[in-house]
Amino acid sequence: MRYAIYFAPPADDRLSQTASRWLGRDAFTGAHFGPPEIAGLDTGLQHALTADPRRYGFHGTLKAPFELAEGRSEEELLNIFECFAADLDPFEIPEIILHQLGPFFALVPSAPSDELQDLAEDAVYRFDPFRAPLSDADFARRKPEALPERQRRYLREWGYPYVFEEFQFHLTLTGPVPAETSGIMRTALETTFAEHIGKPLPVTSVALFVEPERGAPFTVRSLLPLGSDTQRKIA
């Protein structure tokens, strides 16, 4: 079993609902959807190219998936997660845009955000005591030999190479898209997410996701509003 600390909008948020339909799965309920019919994009291909983000659920990574360290429990993790959310103030990313990260498409901030950077750093520090060391297989899966020195060091020390200065917030919408399909995919995404591209993104909640076993779909275990001591919402 692995856990992850993610940004995710609430289940009833229009961005959550649009993304769930696009990916074909709702990480809150586990419901599956057929691929949307989009002009110029084969539904079978669309379904195949969203397989990876469909399994992880719609999210922005703050603390990458980790197994619990020896001596730590889910109950303890949930309690610290409540404190983490209660300590934070909601904020807004002024604008999100559609961007291609290598072969992947994602929604990203149009400009750096200090508040977002602080949120991610806090998550890394706060939850690292709960993280079991990476196995040799997990370390090798990240292809450390291909990483720059600082990312390789962060992978060893924090279990994930893209933290602190290397952090780049993104809401993944596809797996790797072949170059010959990228134009069609961009048009499809621009159409699907037209309501959200170029608009602010409120950061008002954080989520604890869980992967029951390796390769299983991630689901929302708990979603909490920022800056609130209200009872946690268990998905």
Using 0.36 nm per residue, how much length does the chain from C83 to E180 gain when fully extended, once their Cα-Cα distance is taken away?
-> 30.3 nm
From the Cα gyration tensor of region 57-108, with a ≥ b ≥ c the square roots of its eigenvalues, which class applies: rounded if a/c is under 1.5, or else prolate if a/b is larger than b/c, or else oblate?
-> oblate
GNM, the chain, Cα, under 10 Å: largest mean-square fluctuation among F66, F164, F28?
-> F164
At q = 0.12, 0.13, 0.15 Å⁻¹, what base-10 log of I(q)/I(0) does the Debye formula yield for region 46-148 when every alpha carbon is treated as an equal point scatterer in vacuo?
-> -0.59, -0.69, -0.92
Please say if region 1-108 is rounded, prolate or oblate, where rounded means a/c under 1.5 for a ≥ b ≥ c the square roots of the C-alpha gyration tensor eigenvalues, and otherwise the choice is prolate for a/b larger than b/c and oblate otherwise?
-> prolate
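For the chain, calculate the relative contact order in percent as a whole number, restricting contacts to Cα pairs under 8 Å that are 6 or more residues apart.
Numbers: 414 pairs, mean separation 79.1, N = 235.
Relative contact order, the chain: 34 percent.
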Which residues qualify? For V177, with a placed amide H closer than 5 Å and at least 5 residues away or on another chain, they are F104
Would you mind getting the Kirkwood hydrodynamic radius of region 111-161 from its Cα pairs, rounded to one decimal in Å?
-> 12.1 Å
Rounded to 0.05, the calculated FRET efficiency for the beta carbons of E92 and T187 at R₀ = 35 Å is 0.80
On Cα atoms only, tilt of 149-158 relative to the major axis of the chain in degrees | 60 degrees
Where Rh is the Kirkwood radius over Cα pairs, Rg/Rh for the chain = 0.95
Can you give the calculated 222 nm mean residue ellipticity of the chain, where each DSSP H run of n ≥ 4 adds -39,500 (n - 2.57) and the sum is split over every residue, rounded to the nearest 500 deg cm²/dmol?
-> -9500 deg cm²/dmol
Rounded to a whole %, the carbon-and-sulfur portion of the accessible area of region 85-143 at a 1.4 Å probe is 53 percent
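The values are calculated or read from the model by the stated rules, or taken from the named source; none is laboratory data. All values reported here derive from a predicted model rather than from experimental measurement. Every residue, glycine among them, receives a Cβ derived from its backbone with ideal geometry; neighbour counts consider all protein chains shown. The accessibility values were calculated without ligands, DNA or RNA, using every heavy atom of the protein model including side chains. Shrake-Rupley method; radii C 1.70, N 1.55, O 1.52, S 1.80 Å.
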